[in-house]
Amino acid sequence: MNHSDPRHFPSRLLDIHDECANVRTFTLEVPPDFAFIPGMWVMVNFADDPKLSRAYSMSSSPLKKGSIEISLNKVGDFSARMFALKPGESVELKGPYGKWHYDDEVEHAVLISGGTGLTPFRSMGRYVLERKLPNKITILYSVKSPDDILYAKDLDAFREAGFKVYVTATRAAGAVWNGPSGRLDIGVITAQVPDWDSAHYYFCGPKSLIDELSGALEAKGVDRENIHREKWGDY
């Protein structure tokens, strides 16, 4: 299957588990020949309401065949219906979509996200590890509180594999948290990324975060072609 050839097909929910208080990961069945590049996404809808659909980045490795994982926050009627699903129940998928995705040729990828914007970066990280690629990876991740951190086991595995992983909590007051606090800003980027002027940047998350940080990088002279942006709501 061509990576850019989307198709519409039924899917069964194979597994479901909680990542944190309001985020849940769904394992969905896909055909054995379903293929995607880390960073791509799928549209999800229910058979009884095909016009109502939502886009979700795939958080699993593309090397895993027969299923994909998506992780979503419970924020509205559609996600509430997703949260009510049980293993064995069905949805419909259409995809894959997206031209924003990981490039094996990039020597150093800096993955910057807030909240559930981490989902495609889990896919990228797993892919790099499973393929044993020599590429350098830095993850800069912002959450509201330590309780909102996604994929803690994956982040630990990434650290152990040599990725640089920086997690900051913007509302850490009163929480048991020994890590950095405050928002991601250009100072954090230049401090954590010694080769900041030549690295490639992948952004995923809230539009305000992406606009502010990508603009700051451009203002410091980073080539616009080295800044890859995926804003929520751009679908």
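The values are calculated or read from the model by the stated rules, or taken from the named source; none is laboratory data. Model, not experiment: these values are computed from the prediction. Cβ placement follows ideal geometry from the backbone for every residue including glycine, while neighbour counts extend to all protein chains displayed.
The strands (runs of 3 or more DSSP E) falling completely within the range 145-234 that include 3 or more residues that are at pLDDT 95 or above and of a type outside the set (Asp, Glu) map to 164-169, 200-205.
Considered as a group, the residues in the range 135-157 that are farther than 18 Å from residue 203 by Cα and in contact with a strand residue (DSSP E or B) (Cβ under 8 Å, 6 or more places away or on another chain) include one that is surrounded by the fewest Cβ atoms within 10 Å (Cβ to Cβ), and that residue is 147. The one condition from (1) in a strand (DSSP E or B); (2) modelled with pLDDT of 95 or more that residue 87 does not meet is (1).
Could you list, in sequence order, all residues of the range 38-78 that are buried (at least 21 other Cβ atoms within 10 Å of the Cβ) and among the β-branched types (Val, Ile, Thr)? Passing the criteria: 42, 44, 68, 70.
Only one of the numbered conditions (1) touching a residue at least 60 places away in the same chain (Cβ under 8 Å); (2) within 11 Å of the chain's Cα centre (by Cα); (3) not in a loop (DSSP other than H, G, I, E, B) is violated by residue 101, and that is (3). Here is the figure for the range 136-179: residues that are under 17 Å from residue 118 (Cβ atoms), polar (S, T, N, Q) and either out of contact with any Gly (no Cβ under 9 Å at 6 or more places or on another chain) or free of Cβ contacts under 8 Å to residues at least 60 places away in the same chain (or both) total 4. Among the conditions (1) of a type outside the set (Asp, Glu); (2) free of Cβ contacts under 8 Å to residues at least 60 places away in the same chain; (3) surrounded by fewer than 22 Cβ atoms within 10 Å (Cβ to Cβ); (4) in contact with a helix residue (DSSP H, G or I) (Cβ under 8 Å, 6 or more places away or on another chain), the only one that residue 115 does not satisfy is (2). The number of residues in the range 59-96 being under 14 Å from the mean Cα position of the chain (by Cα) and farther than 16 Å from residue 17 by Cα comes to 2. Filtering the range 112-138 to residues that are at positive phi and at pLDDT 95 or above leaves only 132. If we scan the range 15-24, do we find a residue that is among the small types (Gly, Ala, Ser) and surrounded by 12 or more Cβ atoms within 10 Å (Cβ to Cβ)? Checked the range 15-24: no residue is among the small types (Gly, Ala, Ser) and surrounded by 12 or more Cβ atoms within 10 Å (Cβ to Cβ).
Considering only residues in the range 205-222 that are within 24 Å of residue 119 (Cβ to Cβ) and buried (at least 17 other Cβ atoms within 10 Å of the Cβ), the one that is nearest to the chain's Cα centre (by Cα) turns out to be 205.
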